[in-house]
Amino acid sequence: MSPPFSPFPVENLPYGVFSHHGAARRVGVALGDHVVDLAVLEAAGLLGSTDGVFATGSLNPFMARGPSLWKSVRARLTDVLAAADPPENVHRAMIPLAEVTLHLPFEVADYVDFYSSVHHAENVGRIFRPGSEALTPNWRHLPIGYHGRSGTVVVSGTPIIRPCGQRREPDNPTPTFGPSIRLDIECEVGFVVGVGSIRGRPVPASAFSEHVFGVVLLNDWSARDIQAWESAPLGPFLGKSFATSISPWVIPLAALVDARVPLPEQAPPPLPYLRDVTPWALDLSLSITLNGNVVSRPPFSTMYWSPGQQLAHLTANGASIRTGDLFGSGTVSGPAEGQQGSLLELTWNGTVPLRLHDGSTRAFLEDGDTVSITASAPGPGAVPIGFGSVDGTILPALPSSR
């Protein structure tokens, strides 16, 4: 029922939240150029015993039910939507994507962001600590991260207002306050928690699939000038907390089983709590577009720390997770030129600006710029799985903040 070469074939079936002509929000899955209203299929008894989780207009109740229901619903959906002659209720549930408004696909509980690409970390180290070791002494021993602001996670397409804050230029002994002049992107992949855990009980890496529901694309917008001034001695704060964008579709882990690849070698071996019998990365091909210009193609398969290790580390001290938690991979950068996941790296901190097709150049983002991140992965039966996109356009700082 999906057109050829669609990013949303029946092998994908990503979940999202939509509204149609201003009506109440509904939970659906994307199929080709349509969204399938799951409440309609649920009411018709086509999804089995789901206890009305899709009638709520929120994805969180379904995610909280865990892998058993995730698996059974996916199996029934696949059978129904792939049928040569689907039931009449299926046709009634299908709405053209062009007619709907897509919303934040789940209610975000907590947000944590990691720093797990060795190539990104080495680039940042060389930019800011020339002549010193590119990686800090702890980097190969633990997935470094920071706790972000869940209330400013927004869905793709939400405009990004240029943030204001303190920043200090190298030739100025005192800081100034105003709009960021080094506004950047971070191309990332986000993992969405479905099943929570009990406080005080760490979650091992091997239990990743028991807790994590699916995957989104993520852009962790970053004000590099604000971040640099405030991050001594603590970590990111106002330079990150103004906005984080995610794609409107959550790709279920079951759709990405065939995209799993071995994790690159870790040396030295991680401590026991970070070890997994079969650690894996994902063969995701990402693409970053700035004002219609493809500026980078970062490969997610080169990430140093796995999603399971990130989950194990963020709960290692007994911190609990809950339905709707989101944790980001950190900026995805590869080893080759044109695979960097941030403008900081692509322009080497602004010293080598990008030249766009219209002849203009960019060191960092200007007002009116639009950034889009897309991704694809091999799916079941070698069918390509699309993620949709996460987009954002920069608006000027608010006058009252200047």
Residue of Ser360, Ser320, Ser285 that the Gaussian network model of the chain assigns the largest fluctuation, springs spanning Cα pairs under 10 Å: Ser360
Could you work out the relative contact order of segment 257-402, using alpha carbon pairs under 8 angstrom and six or more residues apart, expressed as a whole percent? 23 percent
Computed from these coordinates, which is Cα extents along the principal axes in Å: (i) 66, 52, 41; (ii) 70, 49, 36; (iii) 60, 43, 39? (ii)
Please compute the contact order of the chain in relative form: average sequence separation of alpha-carbon pairs under 8 Å and at least six residues apart, divided by the residue count, as a percent. 21 percent
Once you charge only the Cβ atoms, +1 for Lys and Arg and -1 for Asp and Glu, what is the size of the charge dipole of the chain about its Cα centre, to the nearest 20 debye? 720 debye
How do Met63, Met94, Met303 line up, fewest other C-beta atoms within 10 Å first? Met94, Met63, Met303
Rounded if a/c under 1.5, otherwise prolate or oblate - segment 15-103, Cα gyration tensor axes: oblate
Scan the chain and hand back the longest stretch that contains none of the GluC sites (Glu not before Pro) lying in DSSP loops with at most 11 other Cβ atoms within 10 Å. 1-132
Cα shape, segment 318-402, gyration tensor, a/c 1.5 rule: oblate
GNM top mover of Ile198, Ile373, Ile161 - the chain, alpha-carbon springs below 10 Å: Ile198
Roughly how far apart, in whole Å, are the Cα centres of segment 240-258 and segment 156-181? 28 Å
First measure r as the distance between the Cβ atoms of Tyr273 and Arg297, then evaluate 1/(1 + (r/R0)^6) with R0 = 35 Å and state the FRET efficiency to the nearest 0.05. 0.55
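None of the figures in this text is laboratory data; all of them are computed from the coordinates on show. Quick caveat: nothing in here was measured; it's all calculated off a predicted structure. Quick reminder, even Gly has a Cβ in these numbers, built from the backbone with ideal geometry, and neighbours come from all protein chains shown.
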